[in-house]
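Bear in mind that the values in this text are calculations on the coordinates, not laboratory data. Fair warning: this is a prediction, and the values are worked out from it, not measured in the lab. Cβ atoms come from the backbone with ideal geometry, glycine included; neighbour counts cover every protein chain shown.
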Amino acid sequence: MGDDTSTTRVRVRNRRGEGARLRDEIVAAAVELLDETGDESAITLRSVARRVGIAAPSIYRHFPDQPAIMLAVVRSAFAELDEQLRTAVDAEGDAPRERLMALCRSYLQFAEAHPGRYRTMFGGLWVPDLNESSVTEEDMVTLGQASMRRLAEALQDCVTAGCATSTDVSADTVALWLGLHGLAHQRAVAPSFPWPPDIAERVITTLAHLTDR
């Protein structure tokens, strides 16, 4: 999908010193386009500028190129995911097993609620040529680290409490994430498949090495 999917807005110009507001509006507009189209190719300098109601060159004051906008969109999505995971875990009190299950279920719920964002976060289609854009390898490596640490901490708490038998929390955290990601992806691409109602619990229990109780 191209620029024709976006609408033009009339924007009130920021007062002096409000440049950060415009940056946030650019990112929000890009997220809107992604949510509406489900297609990261719909996010171009022209389409985002039209959505915000500014001239395309104005974007360069905040983002040097389109990949920089995409990086901001993906960072925003990961921040939202991590906050959702934190909220889900905190709501479960102190029981490690229930906290881990809540975190994993919240991860799957995020993927289902935001398919365009999720696919962009993990699909790799937007990944730029690091030699031809402002995005660096370090930028890419740090994406999602907070949520992965949160998953590792939840699994370690289960091991410490004796309700998980993992002997390599680091490796099993990766395995658990891969299981969640695979389930989220397959649910999205094969919604008519007769998924067992407890498939998420089966995946989590197995890959986290959870005990009966």
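General observations
- Considering only T142, T165, T87, the Gaussian network model of the chain with Cα springs below 10 Å gives its largest mean-square fluctuation to T142.
- Value of [θ]222 nm, deg cm²/dmol, for the chain, DSSP H segments ≥ 4, -39500 (n - 2.57) each, nearest 500: -20000 deg cm²/dmol
- Candidates M121, W195, A95 compared by Cα position along the dipole of the chain: farthest toward the positive end lies M121, with charges placed on Cβ.
- Projecting the Cα positions of G182, L85, V169 onto the charge dipole of the chain (unit charges on Cβ atoms of Lys, Arg, Asp and Glu, taken about the Cα centre) puts L85 furthest along the positive direction.
- Residues S170, S133, sorted so that the one with the fewest Cβ neighbours within 10 Å comes first: S170, S133
- By the beta-carbon count within 10 Å of each Cβ, the least crowded to most crowded order of F122, F193, fewest first, is F193, F122.
- Counting only whole DSSP H helices of the chain, the ones at least 18 Å long by C-alpha along their axis and with mean Kyte-Doolittle hydropathy no lower than -0.5 are 19-37, 66-90, 96-113, 145-161, 169-189.
- Loop-exposed GluC sites (Glu not before Pro) per DSSP, neighbour cap 14 Cβ within 10 angstrom, longest uninterrupted part of the chain: 19-131
- Springs between Cα atoms under 10 Å define the GNM used for the chain, and in it the highest mean-square fluctuation of D90, D39, D82 occurs at D90.
- Treating r as the C-beta distance of R46 and A146 and R0 as 22 Å, the FRET efficiency rounds to 0.10.
- Distant-in-sequence amide H partners of A164 (H built 1.01 Å from N, under 5 Å): V159, T211
- The fewest-to-most ranking of R86, R51 by surrounding Cβ atoms within 10 Å reads R86, R51.
- Per-q log10 I(q)/I(0), the range 97-213, q = 0.14, 0.17, 0.23 Å⁻¹ (Debye; single scatterer per alpha-carbon; no solvent): -0.65, -0.89, -1.31
- The chain - charge dipole about Cα centre, Lys and Arg +1 at Cβ, Asp and Glu -1, debye rounded to 20: 820 debye
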